[in-house]
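Asks: If you scroll down you'll find the structure; I have some questions about it.
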Amino acid sequence: MATHLQPIFDIAEICAQRGIQQAVLCPGSRCAPLTLAFTNHPAITSRTFSDERSAAFIGMGLAQQTKSATALVCTSGSAAYNFAPAIAEAFFQQIPLLVFTADRPAEWIDQWDGQTIRQENIFGSHVKQSYNLPADYSHPDSVWHIQRIVNEAISLTQTYPFGPVHVNVPLREPLYPQAGEKIKFSKKVKIVEQEPAQFALTEESKISLGNLLTGFMRILVIAGQQENEPTLKKAVTRFCEAHRATLVGDVISNFHGTSTTIRYADVFLAHAPDSIKTALQPDLVITFGKSVISKNLKQFLRKNAPAQHWHVQPAGIVPDPFQSLTRIINCDPASFFSGLASGFTITESELHKKNNYTNRWLVEEQRTQHNYQHYFNQTSFHELAAVKMVVDALPPRCNLHVANSMSVRYVNLVGLSEKQKDVYVYANRGTSGIDGCTSTTVGHALNSDVPNILITGDLAFFYDRNAFWHNYKLPHLRVVVINNNGGVIFNLIDGPGQVAAKDEFFVTHQLLTAQHLANEFNHVYLSASTEKELTDALKEFYTFDGQAKILEIKSDQLTATQAFNEFKQTIKNSYAT
């Protein structure tokens, strides 16, 4: 009998009662008790993926999509290490993952036993906490200990800031029930509920912060990466209107749905003369959300530092990317902006000063938009123009996923319009790696009834090809692969672009095509290398007929580099006249 495994089987019961509905499992023998527990639980949807690295990113995508923790399970040994890239990404993006790694009992570590490594604290400082369960469960205190730890881990992964929590599970043989023995769950398991914390702005803080706000004439609000939250967008918009503040947000901020957002700051701050940058210098910066894409915005604020920089978030470590942080406001951003959006009197003189500052940003935004339209009206077909066509044709309600390197930069340059407010943007900007961009999108698509469109480059796409190595249907998945046979970004950034051996050691030239992968996994394959071909292909690409589709846009690095440099030159020329 496998009664000694009952406390392990009951882990799934605790997870289910605490609201975890999704489990991502990786094949293995040592993890068999955990696998059997999750797959036999009626309240949990379990899926299996053979590549642990891809599986963990898929689990992260599921957690993003469901806004709830996903359980990850793997066997012992190097399998656990393959979870690490996704766990690091989830840590910095604050995505809840409950990570179970099967292990040998402690006495067998370092004894040349198969699939055995040192797994305690294997993920280091990239998890919120790492726990190690006892290897023997015969004593009631051990059962209590296991159930208490699992409850604590679930609570911690979903306590702000959300993030991954690791539970290492040493398991003794036998690992499987006997023939005919059924997996059952205990009727009574220990459940420790946790009420969510309230991060509202207090009345005292409203008064004190409100009094401080009246002293600033040049307020710049910067939205970092975050989910598309209509309530938050309304609160920020009302705040900016009340205080005549300027709102800056790149594409991953999901603030494209507001009419007042400055979308092209990264473009014009790269080329505007110092006199204009001085005029744009704020005296107060208010930030919320996570990272921003724009290096130019960071450099601008480091050189033109505000008198004060406030960051708003409920809890956790607060970075200082602009080197100007002066105040941390621990509350929910929606509460902050809504609580300070009314009840203030502005004199005519103050209103004039505030409007002058806002108008300076609007002038540069409109200048960039004008030159942007001029550029795309006269340019030929190339990668950037192709991305614009793909983005302009997006379904009204969809999830847009953007891979790292040039893909996210292209989409940020192209931008989304106010009319595309129901396009939700996702990108793995926690660590900004290319390793799991496709797998994360697949995780969303597995549990979503809206279109999920990924724009990716060839290196990111082929690096993560195991995102398709499973048996699950993906009718809402669409992948755009920009294939220029290498990493074109290394032709554009300072440093590698001037290195003689860049083609071999940085660009990593390759001749792969997405067609073979599409055929291998039975996905519809489309391709385009001209504007007309892309126009025709997009019609079928955006037809949702129950099949996953891959659209490969064929490009070359020389044309892509020239087009990108011509775009920058167009913006630069506007300041020379």
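Results for (1) under 27 Å from Ser78 (Cα atoms); (2) in contact with a helix residue (DSSP H, G or I) (Cβ under 8 Å, 6 or more places away or on another chain); (3) in contact (Cβ under 8 Å) with a residue 40 or more places away in the chain; (4) in the same structural domain as Gln21 (by TED's automatic domain parsing), shown as yes or no for each residue.
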{"position": "His126", "(1), (2), (3), (4)": "yes, yes, yes, yes"}
{"position": "Val143", "(1), (2), (3), (4)": "no, yes, yes, yes"}
{"position": "Asn151", "(1), (2), (3), (4)": "yes, yes, yes, yes"}
{"position": "Ile154", "(1), (2), (3), (4)": "yes, yes, yes, yes"}
{"position": "Ile183", "(1), (2), (3), (4)": "no, yes, yes, no"}
{"position": "Val189", "(1), (2), (3), (4)": "no, yes, yes, no"}
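Asks: I need the full set of residues from the stretch 13-41 which are within 27 Å of the chain's Cα centre (by Cα) and of a type in the set (A, V, I, L, M), in order please.
Replies: Ala16, Ile20, Ala23, Val24, Leu25
Asks: OK, next. Scan (1) over 15 Å from Tyr81 (Cβ atoms); (2) crowded, with 16+ Cβ neighbours inside 10 Å; (3) at pLDDT 95 or above for the single condition Tyr137 breaks and write down its number.
Replies: (3)
Asks: Turning to a different aspect of this structure: Look through the stretch 325-373, keep the residues that are hydrophobic (A, V, I, L, M, F, W, C), surrounded by fewer than 20 Cβ atoms within 10 Å (Cβ to Cβ) and farther than 21 Å from Lys206 by Cβ, and return whichever of them is nearest to the chain's Cα centre (by Cα).
Replies: Leu325
Asks: Tell me the residue from Glu107, Glu173 that is under 17 Å from Phe9 (Cβ atoms), of a type in the set (Asp, Glu) and more than 32 Å from the chain's Cα centre (by Cα), please.
Replies: Glu173
Asks: So is Leu232 in the same structural domain as Pro333 (by TED's automatic domain parsing) and either closer than 30 Å to Tyr424 by Cβ or in contact with a Pro (Cβ under 8 Å, 6 or more places away or on another chain) (or both) or not?
Replies: In short, yes.
Asks: Moving on. Within the stretch 447-486, take every residue that is within 22 Å of Cys26 (Cα to Cα) and in contact with a Phe, Trp or Tyr (Cβ under 6 Å, 6 or more places away or on another chain) and give me the one that is surrounded by the most Cβ atoms within 10 Å (Cβ to Cβ).
Replies: Phe468
Asks: In the stretch 314-373, which residues are of a type in the set (D, E, K, R) and under 24 Å from Lys303 (Cα atoms)?
Replies: Asp320, Arg327, Lys353, Lys354, Arg360, Glu364, Glu365, Arg367
Asks: Looking at the stretch 124-134, is at least one residue of a type in the set (S, T, N, Q), surrounded by 20 or more Cβ atoms within 10 Å (Cβ to Cβ) and within 15 Å of His166 (Cβ to Cβ)?
Replies: Looking through the stretch 124-134, at least one residue is of a type in the set (S, T, N, Q), surrounded by 20 or more Cβ atoms within 10 Å (Cβ to Cβ) and within 15 Å of His166 (Cβ to Cβ).
Asks: Condition test on Ala393, is it farther than 17 Å from Val248 by Cα and touching a strand residue (DSSP E or B) at 6+ places or on another chain (Cβ under 7 Å)?
Replies: Considered against the rule, which asks whether it is farther than 17 Å from Val248 by Cα and touching a strand residue (DSSP E or B) at 6+ places or on another chain (Cβ under 7 Å), Ala393 comes out as no.
Asks: If you don't mind, another one. Give the stretch 302-359 a look and list any residue that's under 19 Å from Glu227 (Cα atoms) and in a helix (DSSP H, G or I), or say none.
Replies: Within the stretch 302-359, Pro333, Ala334, Ser335, Phe336, Phe337, Ser338 meet the criteria.
Asks: Next up: If you go through the stretch 222-247 one residue at a time, how many are in contact with a Ser or Thr (Cβ under 8 Å, 6 or more places away or on another chain), closer than 19 Å to Asp332 by Cα and not in a helix (DSSP H, G or I)?
Replies: 6
Asks: Every residue in the stretch 248-288 that is outside any strand (DSSP E or B), buried (at least 22 other Cβ atoms within 10 Å of the Cβ) and in contact with a strand residue (DSSP E or B) (Cβ under 6 Å, 6 or more places away or on another chain), please.
Replies: Selection gives Val251, Ile252, Ser253, Asn254, Phe255, Ala265, Pro282.
Asks: Do we have any residue at all in the stretch 82-90 that's of a type outside the set (Lys, Arg), in contact with a His (Cβ under 8 Å, 6 or more places away or on another chain), buried (at least 24 other Cβ atoms within 10 Å of the Cβ) and in contact (Cβ under 8 Å) with a residue 40 or more places away in the chain?
Replies: Scanning the stretch 82-90, I find at least one residue that is of a type outside the set (Lys, Arg), in contact with a His (Cβ under 8 Å, 6 or more places away or on another chain), buried (at least 24 other Cβ atoms within 10 Å of the Cβ) and in contact (Cβ under 8 Å) with a residue 40 or more places away in the chain, so the answer is yes.
Asks: Give the residue, chosen from Val221, Val236, that is in contact (Cβ under 8 Å) with a residue 24 or more places away in the chain, crowded, with 18+ Cβ neighbours inside 10 Å and either among the hydroxyl-bearing types (Ser, Thr, Tyr) or touching a Cys at 6+ places or on another chain (Cβ under 9 Å) (or both).
Replies: Val221
Asks: Additional query: Of the conditions (1) in the same structural domain as His271 (by TED's automatic domain parsing); (2) hydrophobic (A, V, I, L, M, F, W, C); (3) at pLDDT 95 or above, Ile346 satisfies every one except a single condition; which number is it?
Replies: (3)
Asks: Still on this structure, I have one more. Is there a residue being of a type outside the set (S, T, N, Q) and more than 20 Å from the chain's Cα centre (by Cα) anywhere in the stretch 252-259? Break it down stepwise before answering.
Replies: Keep residues of the stretch 252-259 that are of a type outside the set (S, T, N, Q), which gives 252, 255-257.
Now narrow it down to the ones that are more than 20 Å from the chain's Cα centre (by Cα): none.
No, because not a single residue in the stretch 252-259 is of a type outside the set (S, T, N, Q) and more than 20 Å from the chain's Cα centre (by Cα).
Asks: Moving to a separate point now. Could you tell me which residue of the stretch 1-23 is nearest to Asn82 (Cα to Cα), considering only residues that are among the aliphatic types (A, V, I, L, M) and not in a loop (DSSP other than H, G, I, E, B)?
Replies: Start the filter on the stretch 1-23 by keeping residues that are among the aliphatic types (A, V, I, L, M), which leaves 1-2, 5, 8, 11-12, 14, 16, 20, 23.
Okay, now just the ones that are also not in a loop (DSSP other than H, G, I, E, B), so 5, 8, 11-12, 14, 16, 23.
Numbers: Leu5: 26, Ile8: 23, Ile11: 23, Ala12: 23, Ile14: 26, Ala16: 26, Ala23: 17 Å.
Among those residues, the one meeting the criterion is Ala23.
Asks: I'm trying to understand the selection: among the residues of the stretch 201-214, which are modelled with pLDDT under 95 and closer than 14 Å to Glu350 by Cα?
Replies: Thr214
Asks: Which residues, taken from the stretch 298-309, are free of Cβ contacts under 8 Å to residues at least 60 places away in the same chain and surrounded by 18 or more Cβ atoms within 10 Å (Cβ to Cβ)?
Replies: Phe300, Leu301, His309
The values are calculated or read from the model by the stated rules, or taken from the named source; none is laboratory data. Every value quoted in this text rests on a predicted model; they were computed, and no experiment measured them. Positions of Cβ are generated from backbone atoms using ideal geometry, with glycine treated the same way; all protein chains shown enter the neighbour counts.
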